[in-house]
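The values are calculated or read from the model by the stated rules, or taken from the named source; none is laboratory data. This is a predicted model, so every value here is computed, not measured. All Cβ positions, even for glycine, are placed from backbone atoms using ideal geometry, and neighbour counts span all protein chains on display. Please note that ligands, DNA and RNA were not included when accessible areas were found on the heavy atoms of the full protein model with its side chains. Shrake-Rupley method; radii C 1.70, N 1.55, O 1.52, S 1.80 Å.
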Amino acid sequence: MDQSVHGAKSVLLATYLASASKTDELRKLFGSSAWNTAATPSQALNVLLKFVPETAEPSSYLSLVLDIAYSRLDETDDSEELADLLPDGIRLLDDDTATTVGDKLLSDGTASVDFYEDDPQLTIASWVFERIYSIDSSFGVLELIDAIVSADVSEPLPGAVLLWRDGVLRPLQLFYVYYPNAVDKESYHLREYTSTNPQLIIEHFLQYTTTKTINRDVAMIITPYLHYIATISADRIKPWNNFYEWLVITAATNFQIIIELVKNWNGPDGDSSALIDYVSTIIASCYQCSEAWSEYFEAMHILQKRGIYVLNLADIIPVDDDDQFIETQMASYSDADSAFKFPECPLYQATQSNLYLLDQLITSVAMISVYVPTSLQSIAKLRFFANHQAQLQFLLSVVRGNSKEYAYRDDSNWRTLRSGSRWLKNKSYVLSKLSDADIENAFLSALLDFGRISLVREIYIDPIQPPLEMEDIETHVLKSFRQHYDGASNCNATRGSLKTASQVLHLIYPSMLKTDKLEKAELLLKATHELSKYSLTLVQGVPLAPLQIRINNNPEHIISQLLQSNEKAYLQVDEMISITKNLVIGLDTSLDALQGIEFRVIRMCVYAALAADDFSVAYEYCMNKLWSHANEINAFDQDLLWQVFFAAGRYVSPNAPSLGSSPGFHAAAQTQMMMLQLNNRIKYLQLQMELLSRALDICPERHMFEILNIWQDFELQVAQFTAK
């Protein structure tokens, strides 16, 4: 059996020597005629790739790889020395078996490299990368890989390897140094750092970054990595855009990271296109921020100025044509949400006009958020996509704020908000679809509703040319009057909400304007205040409030309840009439209700007097007041007229003294006291008969007999008492 090194046995010997890290012996074998006859440089490289242990000192085999790649191995022909290297296991194999085993060993695994005779650098780089990826897939120990790219060899490794070292390995090593306890959400093999979407790798590198580490991570990890990706892609892609995408996404949830980065980072060096995109990212990040606090808006102003600095622009000057161009571009979007996608949104373009617009909108949202917390993007949507009604509703929400905030808003705050709203319309165009009148109407309404009387007078009443027509002012005055009136807890016009209602009304009435509506409001206010003098309850257990008067909307019922609740109120008959008339007009009840109103109020006072056992007042009201209205009232009231005379005429006081027969009566009758009682009784009966006579004159025929019987009974009593 031939025991020399030849053919397939040379391949087996190479695998054996490589496995034992005997690179000096391998160098002799690869330079021998036996090897060159039986194998190729590519096979030599693959033997080194597959069989040299991962823990072997890289410098020991890398120099051999370089010599193979450059075809500069010394030729040797010491067959005896090579034969001595053969282990018995290989020496005893026949040629066929050696060939089979050798082929199988070299074909095992996926790692394989080619020999590029005309490009040694490519050969070396290919071998090194395959070696790195093989170690990574087997062990994943970065120290072993770092030893390869940092090995001390006679000449530098190919530029591709060194570039990969600085752009992938070093950033990855730093990532684990900076975050030693990191638990990767997604694991990547080294090969994937060049083949995977850079967006995912960026997310991987920055998954633990904070406001304190973002600048370091971008400088030491992201920048080298993206520089490497840009280099190997030969500008076919723009890797910085992947990082910018991450920034814009992060801005929506952690804007503080964006603030810290932009304040300290001027963008990629030496890449003007990436620099412009960086400014676009700054703009977009501001629009994506959902925060609505003053410190964020202040930071946005800083970022906007950083954008100007990065682009090396002078002072930003608005250009009308640019504004119109942006308006047109934004109008092309069918809905507001789709318009703000990055990087397509026209507002994100790094232009002077967009930076100026950003500044204007930041100022706008900062102003608005003092009253209603709002994001920058919401303000941009309001400017470009909201219709007139939407802008008006938003203005009202800002002007009216919330009840707690109003308690602390003084006249100075109101003036500031009003001038700011006009600026939002005329300068930043956030409220461009509104008219000046829309803004003034919103403010006048709010000022009136919240009782800022002196400020209303200052802005809308006293100026020679007020910002609103008097007709519009009247509308707001009446509406606010009603609101304060309904909100009052009592009917006294000198206190609380009813006092405010009075002040609102008297801003223009009667000194500035007199109209039917204003006069009705004045009469209602007057009547309500008069009712406050009396004890009156329309809802059981609830003190009278102005809103109850409006809801009741029945002045005569209110006066009826008043007369029942206040013992001597019937004596104020003229005041009762005045209150009732004012309520009828003030509540805008049908004017037909005024017909006969005095009669009906006097009638109620008559019954109230009788209930109070005050016949003399009842008689006076009947004869001196009611009878004078007999020809003015309608048929229904005519029917009531005879009834009230009948009721008063037949009334018998429960306190009248008894004048009936009793022992000793005739003797007592001679006394002066008894004579006085008789005279009073006779006079009382005569007055009653007078009332009954009037009732007979006007009553329906069917009631005459009843009235006449009582009249005759009284006549008989008068005759008897006279005889006595």
Exercise for the section: Go through the residues of region 416-431 one by one and say whether even a single one is in contact (Cβ under 8 Å) with a residue 40 or more places away in the chain, surrounded by fewer than 17 Cβ atoms within 10 Å (Cβ to Cβ) and within 30 Å of Leu547 (Cβ to Cβ). Expected result: no
Practice task
Of all residues in region 360-370, count the ones that are open to solvent by 10 Å² or more (accessible area, probe 1.4 Å) and within 15 Å of the chain's Cα centre (by Cα).
Solution key: 4
Problem - Extreme residue, modelled with the highest pLDDT, among residues of region 398-421 that are among the aromatic types (Phe, Trp, Tyr) and assigned to a helix (DSSP H, G or I) - result: Trp414
Practice task
Give the number of residues within region 8-36 that are part of a loop (DSSP other than H, G, I, E, B) and in contact with a Phe, Trp or Tyr (Cβ under 8 Å, 6 or more places away or on another chain).
Solution key: 1
Fill in the blank from the handout: Residues of region 22-38 being of a type in the set (Gly, Ala, Ser) and open to solvent by 50 Å² or more (accessible area, probe 1.4 Å), in sequence order, are Ser33
Exercise for the section: Mind listing whichever residues of region 186-237 are closer than 16 Å to Thr250 by Cβ, open to solvent by 10 Å² or more (accessible area, probe 1.4 Å) and of a type in the set (Phe, Trp, Tyr)? Expected result: Tyr208
Problem - region 497-554, residues that are touching a Cys at 6+ places or on another chain (Cβ under 9 Å) and among the β-branched types (Val, Ile, Thr) - result: Thr528, Ile549
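Can you pull out the helices (runs of 4 or more DSSP H) entirely within region 483-582 that have at least 3 residues that are over 23 Å from Val606 (Cα atoms)?
496-505, 516-531, 546-552
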Problem - Failed criterion for Ala299 (all others in (1) free of Cβ contacts under 8 Å to residues at least 60 places away in the same chain; (2) of a type outside the set (S, T, N, Q); (3) open to solvent by 60 Å² or more (accessible area, probe 1.4 Å) hold) - result: (3)
Completion exercise
Only one of Tyr607, Tyr570 is within 25 Å of Ile710 (Cα to Cα) and touching a residue at least 24 places away in the same chain (Cβ under 8 Å), namely Tyr607
Problem - Odd one out for Val539, checked against (1) closer than 16 Å to Ala527 by Cβ; (2) open to solvent by 50 Å² or more (accessible area, probe 1.4 Å); (3) of a type outside the set (D, E, K, R) - result: (1)
Completion exercise
When region 432-451 is checked residue by residue, the ones that are within 23 Å of the chain's Cα centre (by Cα) and either open to solvent by less than 10 Å² (accessible area, probe 1.4 Å) or not hydroxyl-bearing (Ser, Thr, Tyr) (or both) are Lys433, Leu434, Asp438, Ile439, Ala442, Phe443, Ala446
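Condition first: among the aromatic types (Phe, Trp, Tyr) and surrounded by 17 or more Cβ atoms within 10 Å (Cβ to Cβ). Now tell me which residues in region 677-724 satisfy that.
Within region 677-724, Tyr684, Trp711, Phe714 qualify.
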Completion exercise
Here the residues within region 39-56 that are open to solvent by 50 Å² or more (accessible area, probe 1.4 Å) and part of a loop (DSSP other than H, G, I, E, B) are Thr40, Glu54, Thr55
Handout entry: Failed criterion for Thr589 (all others in (1) more than 60 Å from the chain's Cα centre (by Cα); (2) modelled with pLDDT under 90; (3) open to solvent by 30 Å² or more (accessible area, probe 1.4 Å) hold)
Key = (1)
Practice task
Please state which of the following conditions Ile559 fails to meet, knowing it meets all the rest: (1) farther than 21 Å from Ala647 by Cα; (2) open to solvent by less than 70 Å² (accessible area, probe 1.4 Å); (3) of a type in the set (Val, Ile, Thr).
Solution key: (1)
Exercise for the section: Within region 331-345, identify whether any single residue is open to solvent by less than 30 Å² (accessible area, probe 1.4 Å), in a helix (DSSP H, G or I) and closer than 13 Å to Tyr429 by Cβ, and answer yes or no. Expected result: no
Problem - Hits in region 474-496 - residues which are open to solvent by less than 80 Å² (accessible area, probe 1.4 Å) and in contact (Cβ under 8 Å) with a residue 40 or more places away in the chain - result: Glu474, Val477, Leu478, Phe481, Tyr485, Asp486, Gly487, Ala488, Asn490, Cys491, Asn492
Exercise for the section: Confirm whether Asp103 is of a type outside the set (A, V, I, L, M, F, W, C), open to solvent by 70 Å² or more (accessible area, probe 1.4 Å), at pLDDT below 90 and within 30 Å of Phe139 (Cα to Cα). Expected result: yes
Practice task
Could you tell me which residue of region 583-624 is nearest to Arg650 (Cα to Cα), considering only residues that are of a type in the set (S, T, N, Q) and assigned to a loop (DSSP other than H, G, I, E, B)?
Solution key: Gln595
Practice task
Specify which of the listed residues (Leu395, Leu357) is closer than 18 Å to Leu303 by Cα and either open to solvent by less than 60 Å² (accessible area, probe 1.4 Å) or part of a helix (DSSP H, G or I) (or both).
Solution key: Leu357
Completion exercise
Flagged in region 173-202 as over 14 Å from Ile229 (Cα atoms), in contact (Cβ under 8 Å) with a residue 40 or more places away in the chain and of a type in the set (A, V, I, L, M), in numbering order, are Leu174
Handout entry: Selection count, region 242-256, where residues are open to solvent by less than 30 Å² (accessible area, probe 1.4 Å) and of a type in the set (Val, Ile, Thr)
Key = 2
Exercise for the section: Hey, could you check region 452-473 for residues that are touching a Pro at 6+ places or on another chain (Cβ under 9 Å) and among the hydrophobic types (A, V, I, L, M, F, W, C) and say which is least open to solvent (accessible area, probe 1.4 Å)? Expected result: Ile473
Problem - Unmet criterion (only one of (1) touching a residue at least 60 places away in the same chain (Cβ under 8 Å); (2) open to solvent by less than 50 Å² (accessible area, probe 1.4 Å)) for Asp166 - result: (2)
